[in-house]
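To start, the structure itself, in structure tokens.
The values are calculated or read from the model by the stated rules, or taken from the named source; none is laboratory data. Quantities reported herein were computed from a predicted structural model and do not represent experimental measurements. Don't worry about glycine lacking a Cβ; one is built from the backbone with ideal geometry, like all the others, and counts go over all protein chains shown.
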């Protein structure tokens with residue numbers, strides 16, 4: 001068969017037929033188009049956010065509390081100081097709760113639980129937590145800490161709701177990083193006679209630290225943008241508060257309450273607050289990416 | 001046998017004293033208890049939620065609650081059908097619009113894109129996940145919805161013969177705009193998981209397809225897509241879970257009309273939105289009904305997410321020899337990073 005010399009045009013016999021080539025071109029074109037479509041909303045959001053948000057920014061925007069006065073111009077409706085401080089305080093407390101617990105559970109999963117049925121159950125439940133809508137976390141905390149104690153809303157209750165939200169993110173990301181710590185490092189330390197807890201604290205955790213910081217920052221960024229869990233756990237007040245046992249304002253809640261206002265100036269404050277929030281979160285994301293790039297593990 | 005071969009004899013001499021072993025035990029059991037506490041916490045929350053929702057279920061019955069088309073708190077009617085359907089309509093729209101785009105973006109990023117653009121492209125798509133949902137709501141209601149109102153009206157007029165889609169007056173907040181914004185919100189997670197799954201397709205298979213004379217597109221269709229199907233479906237389901245649970249953006253965009261919308265471009269309500277909107281003023285049975293709505297939401301997302309995890313995990317396991325990757329870790333961490 002092969003002895004016979006191919007007759008006719010080689011490309012016509014062995015090449016790709018025009019109809020197949022056309023189909024290939026069309027499919028690739030469609031895929032590219034869809035990719036561009038996927039990027040358009042991002043551009044639009046960032047553009048509109050900058051355009052509207054920068055207009056609302058001024059020095060007094062960051063140094064005054066919202067007044068609740070909605071009838072006059074920008075100068076009298078106040079800024080978003082209490083919202084920024086409230087977000088920072090509540091997210092800081094939420095991180096202080098979620099990070100140690102999350103890392104501890106991840107250490108247990110990797111160092112002790114491994115492939116036992118119990119570890120698999122814990123992993124399953126942590127994944128379940130990941131999928132729980134954030135407003136349901138708000139309901140949980142409301143039931144236990146507001147109904148349960150008969151007291152009112154408070155900043156720390158908001159923090160607890162946020163920490164529930166962060167916990168699964170911290171656990172799963174820390175677990176992934178801890179798994180990447182080479183077994184050889186652990187074994188060397190054990191062979192030198194170090195007890196298990198020394199191995200964990202002096203070898204495993206320091207090695208995994210930069211990678212874990214990335215996951216933590218992403219969890220913090222997620223918590224900072226959440227509105228729903230705060231609505232009936234911490235919100236809402238207009239005043240700056242440093243007392244986590246009292247009502248507390250936050251950026252997302254402030255935006256949410258401003259969106260529904262009929263006054264243009266108040267809606268503009270929402271844009272300014274939204275830009276502030278997005279800049280904060282993008283900064284956290286950026287730092288997380290930079291750190292993860294420098295990490296030797298990931 | 002072995003102990004005998006240790007020079008100097010007794011192995012007990014080499015072992016740590018009970019006192020030195022104590023911190024080890026403490027750490028081990030302390031951490032185990034902590035892990036168990038997390039399980040206990042979830043179960044506890046669930047039981048409390050059921051307890052709080054019970055008065056509403058007692059009044060309407062579980063089926064009455066889920067399938068009655070009458071949510072009028074002022075007269076004590078708590079039929080959540082308009083809310084459940086609102087949630088399902090908007091989430092389904094989000095899937096229909098979002099998943100094809102997300103998968104296409106993933107295909108482009110893994111198979112067609114120039115190598116140098118790959119990482120920037122993924123980062124850009126994932127930036128969408130960093131935008132908080134309240135900002136999506138703000139942007140949707142003040143920018144997207146007014147801009148699209150004209151075209152929506154055009155479509156509604158042209159398709160007036162199609163039930164539900166056509167006819168009627170287009171309102172600024174409506175089901176469609178909610179679904180569209182939800183589609184944008186689930187894009188990053190669906191895309192990231194699809195990309196992750198596609199990167200597990202063995203090079204041999206792709207090269208074999210190309211070697212047999214397949215074009216790029218045929219290679220994608222023959223070698224990549226079938227291999228990743230369950231992973232992509234799983235990613236889409238995770239996106240669905242997100243869309244179902246999304247609260248604030250939906251509350252802003254859906255119009256919060258406590259009845260079943262008669263058309264796609266009309267106002268409606270969703271489970272999460274009703275909780276966010278009415279919880280502040282609710283009392284008695286109304287409050288309990290809102291807890292019940294939260295419970296339905298919780299169970300719905302549990303089912304969807306459970307199924308999604310199973311699919312993603314199976315897909316990730318099928319091709320990869322166990323042990324070469326950190327389980328499904330990479331996939332899960334991408335998922336969790338796509339939060340907000």
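Based on this model, can you work out whether residue B:89 counts as under 24 Å from residue B:246 (Cα atoms), in contact with a helix residue (DSSP H, G or I) (Cβ under 9 Å, 6 or more places away or on another chain), part of a helix (DSSP H, G or I) and facing chain A (nearest Cβ under 8 Å)? Spelling it out, it is not the case that residue B:89 is under 24 Å from residue B:246 (Cα atoms), in contact with a helix residue (DSSP H, G or I) (Cβ under 9 Å, 6 or more places away or on another chain), part of a helix (DSSP H, G or I) and facing chain A (nearest Cβ under 8 Å). Check whether at least one residue in the stretch B:71-89 is closer than 22 Å to residue B:256 by Cα, free of Cβ contacts under 8 Å to residues at least 60 places away in the same chain and in contact with a strand residue (DSSP E or B) (Cβ under 9 Å, 6 or more places away or on another chain), and report yes or no. So far as the stretch B:71-89 goes, yes, one or more of its residues are closer than 22 Å to residue B:256 by Cα, free of Cβ contacts under 8 Å to residues at least 60 places away in the same chain and in contact with a strand residue (DSSP E or B) (Cβ under 9 Å, 6 or more places away or on another chain). Note on the stretch B:122-132: residues that are under 15 Å from residue A:41 (Cβ atoms) and more than 7 Å from every other protein chain (Cβ to nearest Cβ) amount to 2.
So, residue A:172, is that one within 11 Å of another protein chain (Cβ to nearest Cβ) and either buried (at least 19 other Cβ atoms within 10 Å of the Cβ) or in contact with a helix residue (DSSP H, G or I) (Cβ under 8 Å, 6 or more places away or on another chain) (or both) or not?
Criteria met by residue A:172.
Once the stretch B:257-283 is narrowed to residues that are within 13 Å of another protein chain (Cβ to nearest Cβ) and in contact (Cβ under 8 Å) with a residue 60 or more places away in the chain, the residue that is nearest to residue B:159 (Cα to Cα) is B:270. Scan the stretch B:97-127 for residues that are surrounded by fewer than 24 Cβ atoms within 10 Å (Cβ to Cβ) and under 16 Å from residue B:246 (Cβ atoms) and the total you get is 2.
Looking at (1) surrounded by fewer than 18 Cβ atoms within 10 Å (Cβ to Cβ); (2) under 20 Å from the mean Cα position of the chain (by Cα), which is the only condition residue A:216 fails? Result: residue A:216 fails condition (1) only.
Out of A:261, A:250, one residue alone is touching a residue at least 24 places away in the same chain (Cβ under 8 Å), buried (at least 19 other Cβ atoms within 10 Å of the Cβ) and out of contact with any strand residue (DSSP E or B) (no Cβ under 7 Å at 6 or more places or on another chain). It is A:250. A residue that is more than 20 Å from the chain's Cα centre (by Cα), surrounded by fewer than 23 Cβ atoms within 10 Å (Cβ to Cβ) and at pLDDT 90 or above can be found somewhere in the stretch B:129-141. Against the conditions (1) surrounded by fewer than 20 Cβ atoms within 10 Å (Cβ to Cβ); (2) within 11 Å of another protein chain (Cβ to nearest Cβ), residue A:240 satisfies every one except (2).
Restricting attention to the stretch A:142-162, the residues that are more than 9 Å from every other protein chain (Cβ to nearest Cβ) and touching a residue at least 12 places away in the same chain (Cβ under 8 Å) total 13.
Can you give me the number of residues within the stretch B:207-261 that are more than 24 Å from the chain's Cα centre (by Cα) and within 23 Å of residue A:127 (Cα to Cα)? Here the count works out to 0. Scanning the stretch B:61-86 for residues that are assigned to a helix (DSSP H, G or I) and farther than 25 Å from residue A:144 by Cα yields B:63, B:64, B:66, B:67, B:74, B:75, B:81, B:82, B:83, B:84, B:85, B:86. Scanning the stretch B:287-306 for residues that are in contact with a helix residue (DSSP H, G or I) (Cβ under 6 Å, 6 or more places away or on another chain) and either facing chain A (nearest Cβ under 10 Å) or surrounded by fewer than 17 Cβ atoms within 10 Å (Cβ to Cβ) (or both) yields B:290, B:291, B:293, B:294, B:295, B:297, B:298, B:300, B:301, B:304, B:305.
Number of residues in the stretch B:28-43 that are more than 16 Å from residue A:100 (Cα to Cα) and more than 7 Å from chain A (Cβ to nearest Cβ) equals 4.
Condition check ((1) under 30 Å from residue B:297 (Cβ atoms); (2) more than 7 Å from chain B (Cβ to nearest Cβ)) across all residues:
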position	(1), (2)
A:124	yes, yes
A:128	yes, no
A:164	yes, yes
A:180	no, no
A:189	no, yes
A:199	no, yes
A:218	yes, no
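Screening residue B:51 with (1) surrounded by fewer than 16 Cβ atoms within 10 Å (Cβ to Cβ); (2) assigned to a helix (DSSP H, G or I); (3) more than 9 Å from every other protein chain (Cβ to nearest Cβ) gives one miss only, at (3).
For the stretch B:143-171, the set of residues classified as in contact with a helix residue (DSSP H, G or I) (Cβ under 7 Å, 6 or more places away or on another chain) and either surrounded by 18 or more Cβ atoms within 10 Å (Cβ to Cβ) or over 26 Å from residue A:271 (Cα atoms) (or both) consists of B:144, B:145, B:148, B:152, B:166, B:167, B:168, B:170, listed by residue number.
Can you name every residue in the stretch B:96-121 that is at the interface with chain A (Cβ under 8 Å from one of its Cβ atoms) and more than 17 Å from residue B:220 (Cα to Cα)? Scanning the stretch B:96-121 gives a single hit, B:121.
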